[in-house]
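For reference, the structure is listed below as structure tokens.
The values are calculated or read from the model by the stated rules, or taken from the named source; none is laboratory data. This one's a predicted model, so the numbers in the text were calculated from it and none came from an experiment. Cβ: placed from backbone, ideal geometry, glycine included. Neighbour counts: every protein chain shown.
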Ligand SMILES: *Cc1c(COP(=O)(O)O)cnc(C)c1O
């Protein structure tokens, strides 16, 4: 039985081209700055994001942590979404390791943070309060693309109030492909950006933290402190170069497959799914908890893996083919048909 793994776009296998590039990569000791493949990857990422420099990191979690501890000092505060990865899903790293307090705010339905609320959350300069230093936005946020005019307003607010702006762009290229603009158009107002190579871009490992030369020098020091200084890391960077040079445009295929999936699932009345709500590579099914876990278990028996506790999440990526979509839709339809039949009997 073929497995269709829709849990996350992190599950992609490295392609033969990636494995070949990894095998042949020229390498050196990156802690000495001597790994040509890492240096090439960092230069490439900086170029694509329009920043002076970039830093290859182990993970997006590490990139976000380095951004927080480089922008902020102990006793400072960052503002982030209640459901933001950097606040909720990274073990509280900025607080645990940096003494940096989060100020979470609810996301608006479109994945943004309300800027009036952000402005209200910025603390006055008074010893009672932490110093609010940093605003973290996530793009895409649960598959949603932040509007460019919103980003311009967020940037203006940060400049006016003396905040730094960090973008957790784990899936930034999904946003860029969706908007049809270069990634640098999205990130031009940011002081730092983290991108993941290991999500839809399909590399086995790695993220990049991008920003000014001075920022990256300081972040590089913190990367060493947290044990993220790698040696012949060019083996990994080589896969990242393949990802950035050949896997960006094809994200459109993942978006098309997610849309196809949503259109099929929209025929299931109980799901109340609007296919137009699917902007990139994620489809969410809001179901009551017990029903969600029954559906997930039923799909698992058929080799279809989905993620989630409350809302189920189905993510398309390069190891999910267009051909797989009807299989998934059919399995979901069968589940709901059976469920409504048995309700009729019961
Ligand atoms: C995946 C992800 C990260 C980083 O995750 P790692 O697994 O540490 O690479 C950060 N932010 C968002 C929004 C993510 O989806």
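Restricting attention to segment 9-48, the residues being assigned to a helix (DSSP H, G or I), away from the ligand (no atom under 16 Å from the Cβ) and buried (at least 20 other Cβ atoms within 10 Å of the Cβ) number 9.
When residue 234 is tested against the conditions (1) within 16 Å of the ligand (Cβ to nearest atom); (2) within 26 Å of residue 33 (Cα to Cα); (3) buried (at least 24 other Cβ atoms within 10 Å of the Cβ), the lone failure is (1). Return the residues of segment 89-113 that are farther than 23 Å from residue 153 by Cα and within 16 Å of the ligand (Cβ to nearest atom); say none if nothing qualifies. Those that are farther than 23 Å from residue 153 by Cα and within 16 Å of the ligand (Cβ to nearest atom): 89, 90, 91, 92, 93, 94, 96, 97. Of the residues in segment 58-69, at least one is under 30 Å from residue 276 (Cβ atoms) and within 16 Å of the ligand (Cβ to nearest atom). Taking segment 52-122 and the helices (runs of 4 or more DSSP H) fully enclosed by it, the elements with 1 or more residues that are closer than 18 Å to residue 171 by Cβ are at 60-71, 85-88.
Scanning segment 284-304 for residues that are in contact with a helix residue (DSSP H, G or I) (Cβ under 7 Å, 6 or more places away or on another chain), in contact (Cβ under 8 Å) with a residue 60 or more places away in the chain and closer than 14 Å to residue 7 by Cα gives a single hit, 304.
Each row is one residue, and each column tells you yes or no for (1) assigned by TED's automatic domain parsing to the domain that holds residue 87; (2) more than 25 Å from residue 103 (Cα to Cα); (3) within 16 Å of the ligand (Cβ to nearest atom).
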| residue | (1), (2), (3) |
| --- | --- |
| 139 | yes, no, yes |
| 145 | yes, no, yes |
| 155 | yes, no, no |
| 167 | yes, no, yes |
| 173 | yes, yes, yes |
| 191 | yes, no, no |
| 194 | yes, no, yes |
| 197 | yes, yes, yes |
| 226 | yes, no, yes |
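Per the listing 86, 72, the residue uniquely in contact (Cβ under 8 Å) with a residue 40 or more places away in the chain, surrounded by 15 or more Cβ atoms within 10 Å (Cβ to Cβ) and within 12 Å of the ligand (Cβ to nearest atom) is 86.
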